[in-house]
Each structure stands twice: as structure tokens, then as C-alpha cells.
Amino acid sequence: MKADARTFAKESHWVYIREVLIVLLSSLLLAAGLELFLIPHQLLSGGVAGLASIIGYLTNWNISALYFVLNIPLVVWGWRAVGRRYIILSLVSILSTTWFMELIPAYSLTKYPLLGAVFGGIVTAVGIGFSLRAGGSTGGFDIIGSVVTRRRDFPMGTVMLLLNGVVILILGFYKNWDLALFSMLSTYVKGKFVDLIHVRHIKMTCFIITKKKDHMLNCLRKLPHGITCMETVGGYSEESNYMFMTVTTRYEVAELKRQVLSIDPAAFINMVESTAIVGRFVRPKKEGDL
């Protein structure tokens, strides 16, 4: 049992390193999409990067520095709303994106704003999507979108499209409606690609068999979804076990697996994709819940 626990601890360590590396690569893609496709044409990616870009276009202030400063209050809010691990990865993304934006010069790879809008949306979407799948975000409106999708069953890309639309309207009023429409196209493309990569709205039914009932129940009660506990008997061993059933999102499955195996490395977990669910998906909060 101790050997299994040590093995799991080593695996968790390497998983965390892999997630940080994914976040760094995602930050590079986001910075490249901004500096090579969107900023040279004065287009927006939406979100906090879009707000920073608008201020930068109007004042000639440093856009990467504005991006960092505007993200600070959202990081503080996200720390309380979605948890420490998520925000740490998001902070790594924000810092590395700011650094990559300083390293990559604003150079247009295409002279056509339409191509800049489309490919800028695709490149930034890939960066955002993989950062979300790694368990973090690229900061800004991604944090707001993650809070919304944790509490309400909405696709992440749709939430981002709505939030980013407000920012783009600001560009239209203060700058140029042609640029605003190109930016809207970029945001639409980005939202669709994020939904292809970020699969939070796909539901998974998880069956967990363990002997550690109380510890496992305390762990699963921290999740925002309901739990069903049943006493079972092994078909061959005839030993008593407990089976927990919960429905979660594919995005949350990796974290659920880590939590379960940290309590019981010998637990058996069966995950099945759910085609449809009926009834309340997110359990109501009780007084004292975070």
C-alpha cells in the first residue's frame, strides 16, 4: 500500500510538471496569436487582452504590461471562487504570456485583416483551450468563464463569446467598426475552436469502488455535484466494499481521479460518458460551502 502511495505521489508530481509545460506552451501560442496576427491590424482577441489592446491602441501604452495589471483583480477573485491550484496555473500563464508578448515583436504575417482575424482566432484558441484542459486558464475572462461553467452548465466558448462581444463593441464605438467586425469574426472563430478543445460541457458518470467509505465521502463532498453511496460485495472475494456514483464533466475527471487515488490508491474507478442527464446537475450550496 505504501509503495502504491509513493508511486501515485511521483505520478502526481510529473503530471503537475506536464501541466505547467502545457500552460507555458499555451502562453506562447496566445502571445504569438496576439503579436503576429491581431495587434498589427489593431484587432482584438476579446477579454482582458482585448481591453489591454484597446487602451494600448488609444494611448500607446505597453499592451503586455496592461494585460498583466488588468488580470490582477480577476486572479484575486478566482483564488476564492475556483481554487488555489487553478489560479496558480492561471498566474503562471499570465506571467509567461506577458513575458512572451515582450519577446515577440508585433509583426504582421499577413497584410489582410480578414486572414489576421481568422488565424489570430485559431492560434489564440489553441492556446486557451489547452491551458484550460491542463487545469488552468490564460487569465482574464477565462477565469470568469470557468466560474460560470462550474456553477452553470454552459459551454466555455459560448460564455467567452458573450463576454468578448461587449469588449468588441467598445472598439467599434471608440475606434473603427470595420476593425470591430473583424474582431468579432476572430472571437467567433476562437469560441468555436475553444469548444472543440475544451470539453467541460461533456458529462461523465464515475463509479468508484473503495473500502475507505468515510474518507472518500469527505473528499467527494467537496465537489459541486451530487453523490450516491451504495454498499457492495465483491463477486469473487465476497468482501464488503462501497461504491460511489457521481456525474461530473470531462474537464473535472482528471482532478476527480487525483482526489480519489490520493485517498485510496487501490480504488477502482469506472468512467462512462453520459449521453444525457435529467435533473439538477450542480448540487445546491449549503451554508458554509466555499
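Numbers for the structure displayed
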read-out: Options L34, L44: the member that is part of a helix (DSSP H, G or I) and within 22 Å of the chain's Cα centre (by Cα); value: L34
read-out: Candidate set from the range 86-98 (those that are over 20 Å from N164 (Cβ atoms) and without any contact (Cβ under 8 Å) to a residue 60 or more places away in the chain); member that is surrounded by the fewest Cβ atoms within 10 Å (Cβ to Cβ); value: L95
read-out: Number of the exception - R152 against (1) at pLDDT below 70; (2) in contact with a helix residue (DSSP H, G or I) (Cβ under 7 Å, 6 or more places away or on another chain); value: (2)
read-out: Hey, V76 farther than 22 Å from G191 by Cα, in a helix (DSSP H, G or I) and of a type in the set (A, V, I, L, M) or not; value: yes
read-out: Condition check for G157: touching a Lys or Arg at 6+ places or on another chain (Cβ under 7 Å), modelled with pLDDT under 70, within 25 Å of V76 (Cα to Cα) and in a helix (DSSP H, G or I); value: yes
read-out: Given (1) touching a Cys at 6+ places or on another chain (Cβ under 8 Å); (2) in a helix (DSSP H, G or I), index of the condition Y242 fails; value: (2)
read-out: Those residues of the range 118-132 which are under 11 Å from the mean Cα position of the chain (by Cα) and within 11 Å of K192 (Cβ to Cβ), in sequence order; value: G129
read-out: Filtered residue count, the range 168-220, keeping only those that are under 30 Å from E231 (Cα atoms), in a helix (DSSP H, G or I) and either among the aromatic types (F, W, Y) or touching a residue at least 12 places away in the same chain (Cβ under 8 Å) (or both); value: 6
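The values are calculated or read from the model by the stated rules, or taken from the named source; none is laboratory data. Computed from a prediction, not measured in an experiment: that's the story for all the values here. Note that we place each Cβ from the backbone using ideal geometry, even for glycine, and neighbour counts take in every protein chain shown.
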